[in-house]
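Enquirer: Here it is: the structure, laid out below.
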Amino acid sequence: MSDHDLVVRGGTVVTAADTFRADIGIRGGRIATIADSLAAGRETIDADGLLVLPGGVDSHCHMDQPPFMGVESADDFLSGSLSAACGGNTTIMPFAMVLRDEPLRPAVEAYREKARGKAVIDYAIHLIVPDADAGRLGQELPPLIDEGYTSFKVFLTYEGLVLEDREMLDVLAMARREGALVMVHAENEHCIHWLTERLVASGRTSPEFHAAARPAAAEREATHRAIALAEIADAPILLVHVSAGEAMEQIEWAQDRGLRVYGETCPQYLFLSDADLARPGFEGAKYMCSPPPRAADNQEALWRGLRQGIFQVYSSDHAPYRFESDRGKKHHGDNPPFHKVPPGVPGIETRLPLLFSEGVGKGRLNLNRFVALTATNAARLYGVYPRKGTIAVGGDADLALWDPGRTVTIRHADLHDNMDYSPYEGMEVTGWPVTTISRGEVVVREAEPVCEPGRGRFLACGRPDSARPV
Ligand code: URP
Ligand code: ZN
Ligand code: ZN
């Protein structure tokens, strides 16, 4: 017997760079040895026929947030992180939410408190920056960034959150000075407002009009504006939840000019479309998120972005608002107008299997790019690499063991979140993460959670890695 706590034997190890057969020896929660052949450890897992991947890093998800549009998240840190772990993830990065003029420090402390005793895997926390108040940028944010909150999201839409151009420049300049990464939600608020007023006035209020109120042009314009502002301030940015091919083209344009502009897309833009929003009655609300899913032929553009490295990150943007609930999508009645419906779709557990099946399984992505998009690049960009996001001696033993041949029909009843639906109900996927290991501890075995609430730890992020993601 070897002196490893756990040995994962006989699997095919995949990182963003390599694919090779190896045994992995784990000691004290970290990867101690990677070798052709290891003797059994105190515990040994037979991974013959399985793929051994870095645990997924879901770097954009929402849980236990204060009410948004009056509506609470259905998932807290327990159900949210458990569902993530069952979907092959070992790190999550949700947001400490504040609105304009609200102080950040108490919100961050309250959010840390919500995770304590609940999270089953490790978590970092992004901040939200809803204004460019001098005290916020000069006094409040720099110490928080020093303490490991090195990324924050800004909005070009949503009342109470939207930043004007000058405010954006001030925020970007601060981020540059402090070495933080700015995540941008890019949709043009004025256009959305104008369109919403006209749609509502003419009685076009069903969920399908959510897409008409937030057209690709509004996303494209705001994306380009964010890029121009970042160029002027000389700060890196990451455009989050990019839905439209034409918004992605702005990112590609910026990258071709050598700007440090990164992109993220999400399952809802690859596997859902505006046809889902147009399902009969209020059903379309299950697919409402901002920006909205686009026409089906837009999906091919996003696949190109994933394949060619225009997108570095693929995250869930899990935003759990229940459907059949007066504290969810139906907060304003059984059939409210689209602009009264909280936007967001769940997907923290299905993110990886969907991309594996439709990406790797259908030959659109190779395994190494799958790992880069789902774990390595996020770990690099948010400053937790190589502790997270790869398989390397000295790194945390965060692994997902995948059965590439297991076929699963997605049923919400089998998922572990606290939602009441999955937008992917009935979809058949091939490839499933059967075992998840977090810091050397099996947290999901044979697709069933086996972990204690509260074992997850807070991750203080370093300054984002200046190395370009792979
Ligand atoms: O519709 C979405 N994306 N809801 C979550 C909040 C956000 O903007 O990421
Ligand atoms: Zn957003
Ligand atoms: Zn989000």
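Where a number appears in this text, it was derived from the coordinates with a stated rule and is not lab data. Just so you know, these numbers come straight off a predicted model, no measurement behind them. Methodologically, a virtual Cβ is constructed for each residue, glycine included, from the backbone with ideal geometry; neighbour enumeration extends over all protein chains shown.
Enquirer: Once both axes come from the Cα atoms, what is the angle between helix 165-178 and the longest principal axis of the chain, in degrees from 0 to 90, rounded to 10?
Expert: 30 degrees
Enquirer: Then there is this: Any idea what the dipole of the range 409-460 comes to, in debye rounded to 20, about its Cα centre with Lys/Arg Cβ at +1 and Asp/Glu Cβ at -1?
Expert: 340 debye
Enquirer: Still on this structure: Taking θ = phi - 60°, what integer Hz values does the Karplus form 6.51 cos²θ - 1.76 cosθ + 1.60 yield along the range 66-77, in sequence order, with x for Gly and Pro?
Expert: Karplus values, whole Hz, x for Gly and Pro: x, x, 10, 6, x, 10, 8, 5, 6, 9, 9, 5.
Enquirer: First select every other residue whose beta carbon is under 10 angstrom from the beta carbon of CYS86; then total the charges, Lys and Arg +1, Asp and Glu -1.
Expert: Charge balance near CYS86 sits at -4.
Enquirer: Something else now. At a Förster radius of 25 Å, what calculated FRET efficiency corresponds to the Cβ-Cβ distance of GLU147 and VAL393, to the nearest 0.05?
Expert: About 0.30, to the nearest 0.05.
Enquirer: Antiparallel as a % of all DSSP beta bridges within the chain, to the nearest 5?
Expert: 50 percent
Enquirer: Please determine, in degrees from 0 to 90 and to the nearest 10, the orientation of helix 104-115 with respect to the longest principal axis defined by the Cα atoms of the chain, where the helix direction is its Cα long axis.
Expert: 40 degrees
Enquirer: At R0 = 51 Å, how high is the FRET efficiency between ALA413 and GLU178 if r is their beta carbon distance? Nearest 0.05 is fine.
Expert: Calculated value: 0.65.
Enquirer: Run the helix sum for the chain: -39,500 (n - 2.57) per DSSP H stretch of 4+ residues, divided by residue count, reported at 222 nm to the nearest 500 deg cm²/dmol.
Expert: Per the formula, -7500 deg cm²/dmol.
Enquirer: Taking only Cα atoms, what is the 0 to 90° angle, nearest 10, from helix 216-233's long axis to the longest principal axis of the chain?
Expert: 80 degrees
Enquirer: May I ask for the net charge around LYS340, where only other residues with Cβ less than 11 Å from the Cβ of LYS340 are counted and Lys, Arg are +1 while Asp, Glu are -1?
Expert: The answer is +2.
Enquirer: I need the peptides 384-395, 31-42 ranked by packing, meaning the mean over residues of other C-beta atoms within 10 angstrom, with the highest value on top.
Expert: 384-395, 31-42
Enquirer: Another question, then. Computed FRET efficiency, Cβ-Cβ of GLU283 and ARG198, R0 22 Å: what is it to the nearest 0.05?
Expert: The pair GLU283/ARG198 has a calculated efficiency of 0.35.
Enquirer: Okay, next question. Length gain on complete extension for the stretch GLU324 to ARG304, per 0.36 nm per residue less the alpha carbon to alpha carbon distance?
Expert: Fully extending the segment from GLU324 to ARG304 adds 3.6 nm.
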